[in-house]
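Note sheet for the following structure.
The values are calculated or read from the model by the stated rules, or taken from the named source; none is laboratory data. Please read these numbers as outputs of a predicted model, since none were measured by experiment. Glycine gets a Cβ as well: all are built from the backbone with ideal geometry, and neighbour counts include every protein chain shown. Heads up: the accessible areas ignore ligands, DNA and RNA and are worked out on the full protein's heavy atoms, side chains in. Shrake-Rupley method; radii C 1.70, N 1.55, O 1.52, S 1.80 Å.
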Amino acid sequence: MPESKEKKSLGILALAGLEPYQEKPGEEYMGEPQLEHFRKILNAWRNQLREEVDRTMNHMKDEAANFPDPVDRAAQEEEFNLELRNRDRERKLIKKIDKTLQRIEDDDFGFCDSCGIEIGVRRLEARPTAELCIDCKTLAELKEKQMAG
Ligand SMILES: [Zn+2]
């Protein structure tokens, strides 16, 4: 859907109404101020997704059974199926955000799952649920492509 694409290009930071994080000289990576920054981003993102899920569910309830004409109904069903797929994706994303918030609490956030280096503030602002550094991510994607043939 073009609408959700536009939202994505806006960026999660803008969506949360936050400015890019300004690191102070010598500041500890993933110290409390940075963790708080990402907590805010993740919470705002999750709220926005939840609202979207709720809105569609209400919209679908309102519209359901409003079309006596079978052709209209078929078109409506198709639209609903698409919506449901989107909602499914959003629910999975919400779960991932929950998991990431838990990583913040566990002091596990911001470090690559594979090699342990810092993922980096800028990369995390663009992709707060990232669990791999850019190198490991690139490698993982290459491997995936090779497996796919
Ligand atoms: Zn890595």
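Observations
- Each residue in the range 59-80 was checked for being of a type in the set (S, T, N, Q), surrounded by 12 or more Cβ atoms within 10 Å (Cβ to Cβ) and assigned to a loop (DSSP other than H, G, I, E, B), and 0 pass.
- In the set 90, 131, 52, 83, only one residue is in contact (Cβ under 8 Å) with a residue 40 or more places away in the chain, under 19 Å from the mean Cα position of the chain (by Cα) and surrounded by 15 or more Cβ atoms within 10 Å (Cβ to Cβ); that residue is 90.
- Residues that are at pLDDT 95 or above and more than 16 Å from the ligand (Cβ to nearest atom) within the range 126-144 comprise just one, 128.
- Any hit, the range 80-96, residues being closer than 23 Å to residue 11 by Cα, away from the ligand (no atom under 16 Å from the Cβ) and in contact with an Asp or Glu (Cβ under 7 Å, 6 or more places away or on another chain): yes
- For the range 26-38, the count of residues that are out of contact with any strand residue (DSSP E or B) (no Cβ under 8 Å at 6 or more places or on another chain) and modelled with pLDDT under 95 is at least one.
- Residue list for the range 109-128, filter: of a type outside the set (Gly, Ala, Ser) and either part of a loop (DSSP other than H, G, I, E, B) or loosely packed, with under 15 Cβ neighbours inside 10 Å (or both): 109, 112, 113, 115, 117, 118, 119, 122, 127, 128
- The residue list 98, 106 contains one member that is open to solvent by 40 Å² or more (accessible area, probe 1.4 Å) and within 17 Å of the chain's Cα centre (by Cα), which is 98.
- Hey, residue 115 more than 21 Å from residue 46 (Cβ to Cβ), within 16 Å of the ligand (Cβ to nearest atom), touching a strand residue (DSSP E or B) at 6+ places or on another chain (Cβ under 9 Å) and touching a residue at least 12 places away in the same chain (Cβ under 8 Å) or not: no
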